[in-house]
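Everything below concerns the one structure shown next.
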Amino acid sequence: MQKIRIRLQAYDHRILDSSTLKIIDTVKRIGGKFSGPIPLPTEINKYCVLRSPHVDKKSREEFEIRTHKRLIDILEPSTKTIEALMHLDLPSGVDIELKTLE
């Protein structure tokens, strides 16, 4: 059984959810089978920066970047499904990774 695994990443979860809905709607419209979207753990990177350039070591500021992730599996993809996914227009803030699995 062949399947396509789509892994989506974005900093903004709203853009990510709308992109997953677009992908799922195109697969549904063609009549393909899919599983997901599966929310993967959010990766949080925290950065601690000194507020002052040379004094006040105790005064710090924290920043964080959250990377939200989703996983979609398309089961038994047809050529129509692949063509529709290639012509799909998604926002620029979404990182897409495709893999074919046997």
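The residue that is farthest from D12 (Cα to Cα), counting only those in the stretch 43-102 that are in contact with a Phe, Trp or Tyr (Cβ under 8 Å, 6 or more places away or on another chain) and of a type in the set (S, T, Y), is Y47. Residues in the stretch 56-102 that are more than 23 Å from L40 (Cα to Cα) and of a type in the set (S, T, Y): S59, S78, T79, T81.
Of all the residues that make up the stretch 52-82, how many are outside any strand (DSSP E or B) and touching a Ser or Thr at 6+ places or on another chain (Cβ under 9 Å)?
Kept after step one, since they are outside any strand (DSSP E or B), are these residues of the stretch 52-82: 52-59, 76-82.
In the following step, the residues that additionally are touching a Ser or Thr at 6+ places or on another chain (Cβ under 9 Å) were identified as 52, 59, 77, 81.
Matching residues across the stretch 52-82 total 4.
Of the listed requirements (1) at pLDDT 90 or above; (2) in contact with a Cys (Cβ under 6 Å, 6 or more places away or on another chain), R60 misses just one: (1). Only a single criterion out of (1) free of Cβ contacts under 8 Å to residues at least 60 places away in the same chain; (2) on the phi > 0 side of the Ramachandran plot is not satisfied by Y47, namely (2). The condition (being at pLDDT 85 or above, surrounded by 12 or more Cβ atoms within 10 Å (Cβ to Cβ), out of contact with any Leu (no Cβ under 8 Å at 6 or more places or on another chain) and within 14 Å of S19 (Cα to Cα)) is satisfied by just one residue among L75, L90: L90.
Residues are listed down the side, and each one gets a yes or a no for (1) surrounded by 15 or more Cβ atoms within 10 Å (Cβ to Cβ); (2) among the hydroxyl-bearing types (S, T, Y):
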site	(1), (2)
Q2	no, no
Q9	yes, no
V27	yes, no
S52	no, yes
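Residues of the stretch 39-50 that are among the aliphatic types (A, V, I, L, M), exposed (fewer than 10 other Cβ atoms within 10 Å of the Cβ) and under 30 Å from L71 (Cβ atoms): I44 alone.
Close Cβ contacts (under 7 Å, 6 or more residues apart or on different chains) running from residues in the stretch 63-83 that are within 10 Å of V27 (Cβ to Cβ) to residues that are assigned to a strand (DSSP E or B) and among the small types (G, A, S) comprise I72/G36; L75/S35.
Give the stretch 11-25 a look and list any residue that's surrounded by 13 or more Cβ atoms within 10 Å (Cβ to Cβ) and acidic (D, E), or say none. Matches in the stretch 11-25: D12, D17. Is it fair to say I38 is modelled with pLDDT under 90, in a strand (DSSP E or B), within 19 Å of I96 (Cα to Cα) and out of contact with any helix residue (DSSP H, G or I) (no Cβ under 7 Å at 6 or more places or on another chain)? So I38 does not fit the description; no.
The values are calculated or read from the model by the stated rules, or taken from the named source; none is laboratory data. Note that the coordinates shown come from a computational prediction; the quantities given were computed from them, not determined experimentally. No Cβ is skipped: glycine too gets one built from the backbone with ideal geometry, and neighbour counts run over all protein chains shown.
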